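Report on the following structure.
Quick note: the coordinates plus some simple rules give every number you see, no bench work behind them. Just so it is clear, the model here is predicted, and its values are computed rather than measured. Cβ coordinates were reconstructed from backbone atoms using ideal geometry, including for glycine residues, and neighbour counts include every protein chain displayed.
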Amino acid sequence: MEELLRQCYFIGNKSLSLVVTTAFIMGLVLTIQSRPTLVEFGAESWLPRMVSISLVREIAPVITALICAGKIGSGIGAELGSMKVTEQIDAMEVSGTNPFKYLVVTRVLACTFMIPLLAVIADGVSMFGSYLGTNIRGSITWDLYWYQAYDALSYSDIIPAIIKTFFFGFAIGIIGCYKGYYTEKGTEGVGQSANSAVVVASLLVFIIDMIAVQITDIMGFT
């Protein structure tokens, strides 16, 4: 449990600043880019609703997962890869410690728990960025913006988006651990494992997202 909590803190703290910065810019830019099109159709008042649905349903969870695939996936792959080539994992086995339980399970669970939390934070920060973006060219009060943004959302938007982030986290954790745990070719293999973990984890994020969209569509959530 102590190692799990340490990994949760390490994974969350390592990615939080990048996730928050990216989410803020993402909400700001999406709002600025979307506004001219809505103005053209006389639907500027729908801007908070459109942006909130786009961010919560799709953009914030996926972008957060991709950031974590790059930061966390590569970090886990490199860390376990280094332990593998320096025979630290073998030493743990000899000493009677289960390296799979201590190294792999804790990191996979930490990713599974922390990435949904990071995605929720990204939702809030990106919508704050959207609020500022809305007021660059227009003028809307804080209360009115958040009322319109939340009024457009329903549980069918929020719950599927949060659920799929658990699968994103599990995929990132398991790929990073697998690539690192089975590193070969010495120190050269460490870099290859880290790079491969990022590529495969990012690809899996898109595949899981595609499957999740299909399932929610079949179940009538969209």
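Find out how many positive minus negative residues lie around GLN148, taking Lys and Arg as positive, Asp and Glu as negative, among other residues whose Cβ is under 13 Å from that of GLN148.
Counting the neighbours of GLN148, the net charge comes to -2.
Please arrange MET92, MET114, MET83 by how many other C-beta atoms lie within 10 Å of their C-beta, fewest to most.
MET92, MET83, MET114
Using Cα positions and a limit of under 21 Å, work out the lysines in reach of LYS185, with same-chain residues fewer than 8 apart set aside.
LYS84
Between GLU188 and ILE25, what's the calculated FRET efficiency when r is the beta-carbon distance and R0 is 41 Å? Round to 0.05.
0.70
Against the longest alpha carbon principal axis of the chain, how many degrees, from 0 to 90 and to the nearest 10, is the axis of helix 2-40 turned?
Rounded to the nearest ten degrees, it is 30.
What does the charge dipole of the stretch 2-218 about its Cα centre add up to, to the nearest 20 debye, if the Cβ of each Lys and Arg holds +1 and the Cβ of each Asp and Glu holds -1?
180
Does anything in the stretch 115-148 have its amide N under 15 Å from the 7 Å Cα→Cβ label point of THR37, and if so which residues?
It comes to no residues whatsoever.
Any idea what the dipole of the stretch 23-108 comes to, in debye rounded to 20, about its Cα centre with Lys/Arg Cβ at +1 and Asp/Glu Cβ at -1?
The dipole magnitude comes to about 200 debye.
Working out 0.36 nm times the residue gap between ILE140 and LYS14, then minus their Cα-Cα distance, what length gain in nm do you get to one decimal? Write down the numbers at each step before the final one.
Details: separation 126, 0.36 × 126 = 45.36 nm, distance 3.48 nm.
Using 0.36 nm per residue and subtracting the Cα-Cα distance, I get 41.9 nm.
For TRP46 and MET219, what does the FRET efficiency come to when R0 = 22 Å and r is the distance between their Cβ atoms, rounded to the nearest 0.05?
Numbers: r = 26 Å, r/R0 = 1.19.
Calculated value: 0.25.
Considering only THR86, LEU30, TYR9, whose Cα is most displaced toward the positive end of the charge dipole of the stretch 2-98, charges sitting on Cβ of Lys, Arg (+1) and Asp, Glu (-1)?
Of THR86, LEU30, TYR9, it is LEU30.
Please report LYS179, LYS14, LYS164 as a ranked list, fewest other C-beta atoms within 10 angstrom at the top and most at the bottom.
LYS14, LYS164, LYS179
Of VAL120, SER74, PRO48, which is farthest on the positive side of the dipole of the stretch 45-129, counting Cα position, with +1 on Lys and Arg Cβ, -1 on Asp and Glu Cβ, and the Cα centre as origin?
PRO48
May I ask you to list the aspartates and glutamates whose Cα is less than 13 Å away from that of LYS164, ignoring any residue fewer than eight positions away on the same chain?
GLU58, ASP209
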